[in-house]
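All remarks here apply to the structure that follows.
The values are calculated or read from the model by the stated rules, or taken from the named source; none is laboratory data. These numbers were taken from a predicted model, which means no experiment stands behind them. Note that we place each Cβ from the backbone using ideal geometry, even for glycine, and neighbour counts take in every protein chain shown.
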Amino acid sequence: MSKFFHSFEIRHLLLCSLAPIGAIIAYLLLWVFPHQSIYLKFFTLFVLCVTMVYFCYHFFQQLIYKINVISNLLEAVEQEDFSLRGVTSGAGAFEGVIEQINDISSQLSRHRQQQREMDFLLQKVISNITVAIYALDGSHRLIWCNSAASRMLGTSLDKLIGDTASAWQLDNLLHNANTEHPVVSDHEGRPGRYKVTSDTYMVDGVQNVLLFVSDVDDMLRQEEQKAWQDLLRVISHEINNSLSPIASISQMLQQHYRHHSDNLPPGFTEGIDLINRRARELIAFISSYRQLSKLAPALKERVDLTALVAELPLLFSHRVITLNGPRPLMASLDRVQIHQLLINLIKNADESMGSSADSIDIEWAEEKGRLLITILDRGVGLTNPKNLFVPFYTTKPNGTGIGLILCRQIAESHGGYLSLENRHEQTGCKVTINLPLQSPA
C-alpha cells in the first residue's frame, strides 16, 4: 500500500483531486446556507479556482521535470556518457523508465570497459608480433599498420598512414599475396623473401584489404642464430669443464717444480708452461664466442654521428681515413654498440688492405628518414660472400669468425641491417649500414 502512495502519478492525482473536491464541498455548504452574501460566494469560487490552478501548475512542473530527467539521461547515452544516473523516489511509470535507463547505462558502461580492455590486449598482441600487418582502403592507401610494419619499412607510423602502397613498394607484395612460394621484394635497398597473405574486411559497406607479411629470411636467421647459440653454450660448457682443471693443475705443477728444475728432464718446464698457456688461451677463445648469445639490448640516445665517426681516424693512425657527410647528423643510437660496429668493420677493411698506403673512405647521409653509412676499402674484396655470416667461418689466420655476425646483430637490434658486396669500379669491398634515424614507433 505504501508503494501505491509513493507513485508519482497517484500522488499528484490525489493532490490535484483536492481542488474539485473542495469546490464541491464549498458549493454544498453554500447551497445549505443560501442566504450567504454573493461576495462570499464569488470569493469562495475565486479561492477554489486559484487553488486548482496552483495544483495544476505544480503537477505540470513536476511532469516537465520528470520528462527533462529522462531526456537528459537519453542524451547522455546518445553521447556515450554512461556515468550519469537518474534519482528515483518511489514507484510509478516515470520511475520505472528512469530505472531502466540507469540499468542500460550501467550495462553499456561495463561493456565499454570490457571492450577497452580487449582493445588494449589486442593492441599489445599486435604490437609485439613479428608479422607486419597493413590495412589498406579501396584505393590501396594505408589506413593502419602495426609496429612490425613500420620496422619492416624503416620509418615511423605517422609517415605511413595515408600514403599509397606503391609509395612503399608494397604493390608487389599485394599482387603476389596468397601464393605458395615466398615473394622476393626489395625494401629500402634490402632484398628479402616474404610470405604474404591477404584478406578483406568491410567498413561502412566499403571493402578494405588486410595484408600480412612475414620476413622468411629473418625467421630463418633467428632460428639459425638460436641453433648456433645453443651449440656454443653446450660446447663452451663441456670444453671449459675440461680446460679449467688442466689450467689449474698445470699452474700447480709450474709452482711445484719451479724450485726443482735441476732434476727434471729436458723440456719438462717448457712443456708445463705451454700446457698452461694454451689452456688459458683456449678458455679466452671460447669466452669470445659467448658474445654471440650475450649481446645487450640497444640503449638508444640522441647521438651526433659526425662526432662519433670523427673519433675513428685516431684509432687507426697508420691508415688514411677520409670522412664525408653532413655535419652534424643526429640519430637515435646506442653509442657504444655503433662505435664498436664501426671499429670492427674498419679493422676488417684495414686488414684486407695489408701494407697498402691506400685510404679507407667513410661516407654517411640521410635518405627517407634512414641513416646510410658506407665504408669503402681498396683491399682484396670478398672471396666467398655466401659464408660472410656463418659462425666460425673466417679467411684470416687469427680470425674467430664472429666479428661480422656481431656487427649484423648490432645493426638489426637498431632496426636496421648490414650488407657487404664487392666494389664494381675497382677492387675492394663496400659495406653499407642502414639504420633508422629515429626509433620506429
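Scanning region 99-142 for residues that are among the charged types (D, E, K, R) and touching a residue at least 60 places away in the same chain (Cβ under 8 Å) turns up just one, Asp137. If you take the residues of region 167-202 that are of a type in the set (A, V, I, L, M), surrounded by fewer than 16 Cβ atoms within 10 Å (Cβ to Cβ) and closer than 16 Å to Leu142 by Cα, which of them is modelled with the lowest pLDDT? Here the residue is Ala167.
Taking every residue in region 235-261 that is in the same structural domain as Arg278 (by TED's automatic domain parsing) and pairing it with any residue that is among the charged types (D, E, K, R) and modelled with pLDDT under 70, at least 6 positions away or on another chain, the pairs with Cβ-Cβ distances below 9 Å are Ser236/Arg290. Identify, please: which residue in region 203-215 is of a type outside the set (A, V, I, L, M) and loosely packed, with under 13 Cβ neighbours inside 10 Å and is, among those, modelled with the highest pLDDT? So, considering only residues that are of a type outside the set (A, V, I, L, M) and loosely packed, with under 13 Cβ neighbours inside 10 Å, the one modelled with the highest pLDDT is Gln207. The set of residues in region 313-331 being among the hydrophobic types (A, V, I, L, M, F, W, C) and either surrounded by fewer than 18 Cβ atoms within 10 Å (Cβ to Cβ) or outside the structural domain of Ile362 (by TED's automatic domain parsing) (or both) consists of Leu314, Leu315, Phe316, Val320, Leu323, Met330. Taking region 332-351 as the range and being in a helix (DSSP H, G or I), surrounded by fewer than 20 Cβ atoms within 10 Å (Cβ to Cβ) and in contact (Cβ under 8 Å) with a residue 60 or more places away in the chain as the test, the residues that pass are Gln340, Asn344. Is there a residue being aromatic (Phe, Trp, Tyr) and farther than 30 Å from Gly205 by Cβ anywhere in region 98-120? Within region 98-120, not a single residue is aromatic (Phe, Trp, Tyr) and farther than 30 Å from Gly205 by Cβ. Scanning region 190-200 turns up no residue that is on the phi > 0 side of the Ramachandran plot and either β-branched (Val, Ile, Thr) or not in a strand (DSSP E or B) (or both).
Here's the yes/no breakdown for (1) assigned to a loop (DSSP other than H, G, I, E, B); (2) over 27 Å from the mean Cα position of the chain (by Cα); (3) assigned by TED's automatic domain parsing to the domain that holds Thr197:
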| site | (1), (2), (3) |
| --- | --- |
| Gln62 | no, yes, no |
| Tyr65 | no, yes, no |
| Ile70 | no, yes, no |
| Arg85 | yes, yes, no |
| Thr88 | yes, yes, no |
| Val97 | no, yes, no |
| Leu121 | no, no, no |
| Lys124 | no, no, no |
| Arg151 | no, no, yes |
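If the condition is being part of a loop (DSSP other than H, G, I, E, B) and at pLDDT 70 or above, then region 391-441 contributes Ile402, His414, Gly415, Gly416, Arg423, His424, Glu425, Gln426, Thr427, Gly428, Leu437, Gln438.
Within region 266-284, residues that are assigned by TED's automatic domain parsing to the domain that holds Ser250 reach partners that are of a type in the set (Gly, Ala, Ser) and modelled with pLDDT under 70 with beta carbons closer than 6 Å, at six or more positions or on different chains, in the pairs Thr269/Ser261. Do we find that Asn344 is modelled with pLDDT of 85 or more, polar (S, T, N, Q) and within 16 Å of Cys429 (Cα to Cα) in this structure? The answer is yes for Asn344. Looking at (1) surrounded by fewer than 19 Cβ atoms within 10 Å (Cβ to Cβ); (2) within 31 Å of the chain's Cα centre (by Cα), which is the one condition that is false for Val309? Condition not satisfied by Val309: (1). Counting only residues that are farther than 15 Å from Ala310 by Cβ and among the basic types (Lys, Arg), region 321-355 holds 1 of them.
Could you please let me know if Ala365 is of a type outside the set (Val, Ile, Thr), on the phi < 0 side of the Ramachandran plot, at pLDDT 85 or above and crowded, with 19+ Cβ neighbours inside 10 Å? In short, no.
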